[in-house]
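The values are calculated or read from the model by the stated rules, or taken from the named source; none is laboratory data. The model shown is predicted, which means the values in this text are computed figures rather than measured ones. Here the Cβ is made from the backbone with ideal geometry for all residues, glycine too, and neighbour counts use every protein chain on show.
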Amino acid sequence: MSDLQNTPENNDNEQLSLNDDRRVRTLSPGALVAQRFFRNRLAVVGMVMLITMFIFSFIGGLISPYRQDQQFYTYSDLQKEYAGVTQNADFRYLSAEGQNFDSIAQAKFLLAQGKGDATFEVKETTYELTEEGKDLYLISANGAPVALAFKDILNKISDMSFDEIHAALVAYVNGEKTFTVGDVEYALDEDGNVTKGGEAIGYISRFVISSAQSDVVISREFGEEVAAQIAADAKEFNFTGEDGEEHEYHISYDATAKVWSITEGTATYVYDAYASPSKEHWLGTDTNGMDMLTRLMYGGRVSLLIGFIVVFIEALLGIILGGISGYFGGWIDNLIMRIVDVFYCIPSLPLIIILGAAMDAMKLDPQVRMLYLMLILGFLGWPSIARLVRGQILSLREQEFMTATEACGIRTSKRIFKHLIPNVIPQLIVICTMSLGSTIITEATLSFLGLGVKFPFASWGNIISDVNNAFVMTHYWFVWIPAGICLLIAVLGFNFVGDGLRDAFDPRMKR
């Protein structure tokens with residue numbers, strides 16, 4: 001009996017029997033798609049990249065100790081323009097009392113002085129030139145003084161007559177220590193200070209000092225100190241002002257304009273702009289003194305949300321119009337497809353630039369502007385989805401299950417949106433996923449051009465727009481490289497996932 005039970009035929013029957021423990025395992029269509037997707041290594045890498053970006057943007061922003069618009073300040077020793085100094089190289093003129101030495105006479109004087117002539121004529125009047133020292137001329141007519149031509153400037157502290165100024169300049173250019181006008185004796189030191197009875201009445205210098213600030217008066221002492229420091233070719237000096245405090249000044253020379261610039265170092269509370277990475281700011285700060293890491297997190301939120309909302313608007317319009325066009329056909333199909341052709345002919349970038357300029361002129365709130373940006377991008381991007389849906393529905397509407405829906409009396413809207421559209425969902429998921437990457441790139445480009453998301457809101461595009469010159473690009477890498485890396489990871493992730501979904505939904509793919 002036992003031999004009969006162990007025959008080969010019985011063993012074969014036992015191996016081929018299907019009981020509850022050995023039943024053939026079958027997978028649902030969704031499980032098959034998931035299996036194909038997760039066998040695609042690039043798709044899995046893309047999924048990991050996207051999950052990382054979502055965690056970084058949405059969860060990172062919650063745990064960041066800073067706000068996206070929080071600005072940080074620091075004390076900085078700023079060099080503020082205090083005064084400008086020029087060395088006079090042109091003749092200046094002083095008319096004697098009761099005389100008028102006008103511009104025509106001055107031009108004639110320059111011609112005569114350049115030629116070495118002793119006289120020149122203006123309107124039948126003959127003027128004589130008397131060189132009284134280097135770059136100092138007395139101009140007279142009919143034996144009476146008319147004017148002085150000089151390059152050394154006498155800065156008056158108190159009123160001085162023509163004769164006093166004349167005598168002072170003659171003494172200065174000839175290196176004299178005293179001079180007399182009438183019965184009064186004047187003293188002149190080597191620094192050009194003119195005194196009368198021990199009281200300063202003026203000083204002579206070729207340096208002309210003008211204040212850079214309207215509320216600051218340059219004192220004689222400061223002017224003398226500046227002239228001495230320039231003569232000594234000093235780059236910086238300290239000077240005690242009228243407030244009793246010592247200030248530090250820096251001297252720089254512009255050879256093109258032939259001007260010395262005097263700047264004052266002052267401690268100023270300013271934005272902590274372009275601060276290097278540190279414990280407080282892991283990726284440093286931007287030009288407005290904002291934490292770059294926090295801006296990246298919030299910028300990721302904005303870029304990703306704009307991408308999803310724009311694609312949702314495109315899909316919604318594309319599904320509705322493409323579904324109606326594909327199902328009804330005829331003149332409705334022709335009408336909708338001509339509308340699609342019109343939208344394809346619209347130059348999107350110039351239109352967006354015009355609308356961006358209009359929104360700038362209206363000074364819209366940044367949140368409202370962001371909403372308009374999403375609506376504009378979504379409204380311009382639906383035609384491609386509409387064509388995809390229409391093409392799929394044209395092939396599906398003639399199949400047997402649609403004939404069954406007609407026989408059952410199901411209304412038209414249910415036939416389109418309950419029976420036709422679900423069969424297009426796999427292709428829609430693929431195209432929408434791949435459109436997300438291009439939408440994020442578009443938003444970043446517009447923000448970089450100043451047409452997208454506006455300050456104080458952050459997006460990866462307007463973060464990169466801080467790189468407005470080559471100096472920032474080469475010296476402050478932490479401002480733009482992290483944003484570019486985040487943008488690259490997100491777009492690549494969406495493209496990898498889109499490729500993986502396309503392969504997973506295609507039943508002919510061999511995995």
Item checked: Residues of region 382-414 classified as charged (D, E, K, R), surrounded by 15 or more Cβ atoms within 10 Å (Cβ to Cβ) and not in a helix (DSSP H, G or I), total -> 1
Next item on the list: Identify the single condition in (1) assigned to a helix (DSSP H, G or I); (2) surrounded by fewer than 21 Cβ atoms within 10 Å (Cβ to Cβ); (3) free of Cβ contacts under 8 Å to residues at least 40 places away in the same chain that Ser447 does not satisfy, given that it satisfies every other one.
Entry: (2)
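One line per residue, one yes/no per condition, for (1) surrounded by fewer than 17 Cβ atoms within 10 Å (Cβ to Cβ); (2) among the hydrophobic types (A, V, I, L, M, F, W, C); (3) more than 50 Å from the chain's Cα centre (by Cα):
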site	(1), (2), (3)
Lys80	yes, no, no
Asn100	yes, no, yes
Leu111	yes, yes, yes
Ala118	yes, yes, yes
Val122	yes, yes, yes
Leu129	no, yes, yes
Ala167	no, yes, yes
Margin query: Need a quick list: strands (runs of 3 or more DSSP E) entirely within region 114-210 having at least 3 residues that are modelled with pLDDT under 85.
Written below: 153-156, 199-205
Note to self: Take the conditions closer than 23 Å to Leu296 by Cα and crowded, with 20+ Cβ neighbours inside 10 Å and apply them to Val467. Does it pass?
What the structure shows: yes
Notebook entry, point to check: How many residues, within region 477-493, are over 16 Å from Ala458 (Cβ atoms) and modelled with pLDDT under 90?
Noted result: 1
Check: Which residue out of Ile309, Ile332 is of a type in the set (Val, Ile, Thr), assigned to a helix (DSSP H, G or I) and either farther than 30 Å from Met53 by Cβ or free of Cβ contacts under 8 Å to residues at least 60 places away in the same chain (or both)?
Finding: Ile332
Notebook entry, point to check: Can you name the condition, by its number, that Arg295 falls short on among (1) under 15 Å from Tyr66 (Cβ atoms); (2) in a loop (DSSP other than H, G, I, E, B)?
Noted result: (2)
Next item on the list: Would you check which residues across region 211-239 are among the hydroxyl-bearing types (Ser, Thr, Tyr) and not in a loop (DSSP other than H, G, I, E, B) and list them?
Entry: Ser211
Note to self: Anything in region 283-301 that is farther than 22 Å from Ile51 by Cα and not polar (S, T, N, Q)? List them, or say none.
What the structure shows: Gly284, Asp286, Gly289, Met290, Asp291
Next item on the list: Scan region 78-113 for residues that are within 17 Å of Lys151 (Cβ to Cβ) and assigned to a loop (DSSP other than H, G, I, E, B) and report the count.
Entry: 5
Check: Out of all the residues in region 252-270, which are of a type outside the set (S, T, N, Q), without any contact (Cβ under 8 Å) to a residue 24 or more places away in the chain and under 25 Å from Gly192 (Cβ atoms)?
Finding: Tyr253, Asp254, Ala257
Notebook entry, point to check: What number of residues within region 452-506 satisfy the criterion of being touching a residue at least 60 places away in the same chain (Cβ under 8 Å), in a loop (DSSP other than H, G, I, E, B), under 27 Å from Val48 (Cβ atoms) and not hydrophobic (A, V, I, L, M, F, W, C)?
Noted result: 1
Margin query: Tell me yes or no: at least one residue of region 67-77 is closer than 30 Å to Val226 by Cα and surrounded by 12 or more Cβ atoms within 10 Å (Cβ to Cβ).
Written below: yes
Next item on the list: For Thr287, indicate whether it is touching a strand residue (DSSP E or B) at 6+ places or on another chain (Cβ under 7 Å) and either within 23 Å of Glu443 (Cβ to Cβ) or of a type in the set (S, T, N, Q) (or both).
Entry: no
Notebook entry, point to check: Which residues, counting only those in region 271-288, are in contact (Cβ under 8 Å) with a residue 24 or more places away in the chain, of a type in the set (A, V, I, L, M, F, W, C) and touching a Leu at 6+ places or on another chain (Cβ under 6 Å)?
Noted result: Leu283
Note to self: Six or more apart or on different chains, Cβ atoms under 7 Å: show the pairs whose first residue is in region 227-245 and of a type outside the set (Asp, Glu) and whose second is assigned to a helix (DSSP H, G or I).
What the structure shows: Phe237/Glu225; Phe237/Gln229; Phe239/Phe222; Phe239/Glu225
Notebook entry, point to check: Does Arg220 count as more than 16 Å from Gln87 (Cβ to Cβ) and among the basic types (Lys, Arg)?
Noted result: yes
Check: Using beta carbons and a limit of 8 Å, which pairs, at least six apart or on different chains, have the first residue in region 177-196 and surrounded by fewer than 10 Cβ atoms within 10 Å (Cβ to Cβ) and the second one hydroxyl-bearing (Ser, Thr, Tyr) and outside any strand (DSSP E or B)?
Finding: none
Notebook entry, point to check: Any residue at all in region 398-419 that is under 45 Å from the mean Cα position of the chain (by Cα), among the aliphatic types (A, V, I, L, M) and closer than 22 Å to Ile336 by Cβ?
Noted result: no
